[in-house]
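The values are calculated or read from the model by the stated rules, or taken from the named source; none is laboratory data. Note that this is a predicted model, so its numbers are computed, not measured. Because the Cβ atoms are built from the backbone with ideal geometry, glycine has one as well, and the counts that use them run over all protein chains shown.
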Amino acid sequence: MKTERIIAHLDMDAFFAAIEAKTSPHWQDQPLIVCGGGRGVVATASYTARALGVKSGQPVTEAKRLAPQGIFVEADHQKYLWFSRRIFGLLKEFLPVVEVVSIDEAFIDLTGMIQNEEQLRALILKIKAQIRAATGLTCSIGVANNKLLAKIASDYQKPDGLIILDSNAIQWLQGLEIEKLPGLGGKTAAFLSEMSVSKVGELVKLGERQLVSWFGANGAHLYQMALGKDNSPVLAEAAPLKSFSQEITLNDDSNNQEELEAVLWWLSELVGRRLRAAEMAGKTVTLKLRYADFKTITRSQTRMNYLSLDSEIATEVRELLQKVWHGEAVRLLGIKISNLTSLELSMQQLTLWDQAEEEYQLTKTIDALKTKYGEEILMRGSAFAWRKKK
Ligand code: DCP
Ligand code: CA
């Protein structure tokens, strides 16, 4: 077991509908149908609604006929994205190789992390429990020695499923309906059904040559799938950025408040600009001070809303300075902004956004000028005076 690859596929159950059910608890066991933004089709439906025949991609009019008592809600993609980031962010905190492949599914490479099946089961249950504790949502997980089999397995026992495939995996696969193979197009499925092919095992019996003669290169791929073969790796993304920080050691130690504030403003501009270039915003601001005697202190504060403007960051660090600094001579100042989210998501939560928007646009214009002409092309009065002195 140690030498084989161990790959899990995780897929959230009735994702959009389950989130909507959470936000309104009395909808929990109702037929809940999420309609896809103006297109007049069903994005997804709760399992209760599916029992009535409602499914993804169906016209809403048809869903209303099948489930007249159903609760119909419009899709709120920002909300689903927030849940998605929360779920996969959580997994990445304790699992090294996570490849997110859609808003609600990911592959996890567990190779080398597990000694036996008992440990594997415990880890998978931990993943499910953590997601449930953080979001109240359930998922289904399939585990196998490749991505293809793991994906088929996660879909096999929904909702809240857990399937771990072992050496019988291939036999199991060949007894399944061909529709279980991921990515099998409607036309291919219809053609095969016309040829009275219904089980995966029958594809193997037909042989590669026959499948290629029918479907060309897709036929060869289909044959490999029917054999349960897949060597593709789990591609972990680079670790997400957790913070932006900048510090500076002064040429001469200083206990001049005005000068320290000017330096902090300058640092806020540097960090703010990098934050905006990454299209991010952060909630927690940290001030770091190193005194002349090398004693170093840090102090953080976290705001309710996300910050991305230099002026907002500077206000926070100035407040922190007032709290911790009592006139000591300072040799180094640093600031950090953490607890990040995408700018797009932060805007959803920003009650002050209307007032801030104008300043944000102005700040972006300044960022563009700095990128073109250099850091010192535009500077706030106090920061300018300090830089000139340097
Ligand atoms: N989706 C959509 N339109 C579709 C299919 C899906 O908008 N035709 C959205 C809604 C789903 C989400 O993508 O909630 C994830 O798709 P899935 O196919 O994984 O379906 P669900 O998560 O809803 O259900 P399941 O429990 O079967 O995975
Ligand atoms: Ca899903």
Practice prompt. Return a yes/no flag: does segment 153-173 have any residue that is in contact with a Lys or Arg (Cβ under 9 Å, 6 or more places away or on another chain), farther than 19 Å from ILE141 by Cα, surrounded by 13 or more Cβ atoms within 10 Å (Cβ to Cβ) and modelled with pLDDT of 95 or more.
Written response: no
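Quick one: in segment 315-344, of everything that is without any contact (Cβ under 8 Å) to a residue 40 or more places away in the chain and under 17 Å from ALA383 (Cα atoms), which residue is surrounded by the fewest Cβ atoms within 10 Å (Cβ to Cβ)? Can you show your working first?
Pass one, segment 315-344, residues without any contact (Cβ under 8 Å) to a residue 40 or more places away in the chain: 315-316, 319-320, 322-324, 326.
When the remaining residues are screened for being under 17 Å from ALA383 (Cα atoms), the result is 315-316.
Details: THR315: 16, GLU316: 23.
Across segment 315-344, the extreme among qualifying residues is THR315.
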Worksheet item: Looking at (1) within 17 Å of GLU4 (Cα to Cα); (2) outside any helix (DSSP H, G or I); (3) touching a Pro at 6+ places or on another chain (Cβ under 8 Å), which is the one condition that is false for LEU148?
Response: (2)
Discussion item. Taking the conditions exactly as written (away from ligand 2 (no atom under 16 Å from the Cβ), outside any strand (DSSP E or B) and more than 30 Å from LEU340 (Cβ to Cβ)), does GLY53 satisfy them or not?
Written reply: yes
Worksheet item: Failed condition for VAL97, given (1) away from ligand 1 (no atom under 11 Å from the Cβ); (2) modelled with pLDDT under 95; (3) in contact with a Pro (Cβ under 7 Å, 6 or more places away or on another chain), with all others met?
Response: (3)
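Give the residue, chosen from LEU165, LEU148, LEU203, that is in contact (Cβ under 8 Å) with a residue 24 or more places away in the chain and within 21 Å of ASP11 (Cβ to Cβ). Outline the logic, then answer.
Numbers: LEU165 fails: in contact (Cβ under 8 Å) with a residue 24 or more places away in the chain; LEU203 fails: within 21 Å of ASP11 (Cβ to Cβ).
Answer to the selection: LEU148.
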Worksheet entry | Options SER84, SER140, SER154: the member that is part of a strand (DSSP E or B) and within 12 Å of ligand 2 (Cβ to nearest atom) | SER140
Worksheet, complete the sentence: Here the qualifying pairs (Cβ atoms under 8 Å; residues six or more apart or on different chains; first in segment 59-84 and farther than 26 Å from SER102 by Cα; second among the basic types (Lys, Arg)) come out as GLY70/LYS64
Fill in: In segment 14-50, residue farthest from ASP155 (Cα to Cα) [restricted to those that are modelled with pLDDT under 95 and in a loop (DSSP other than H, G, I, E, B)]
GLY38
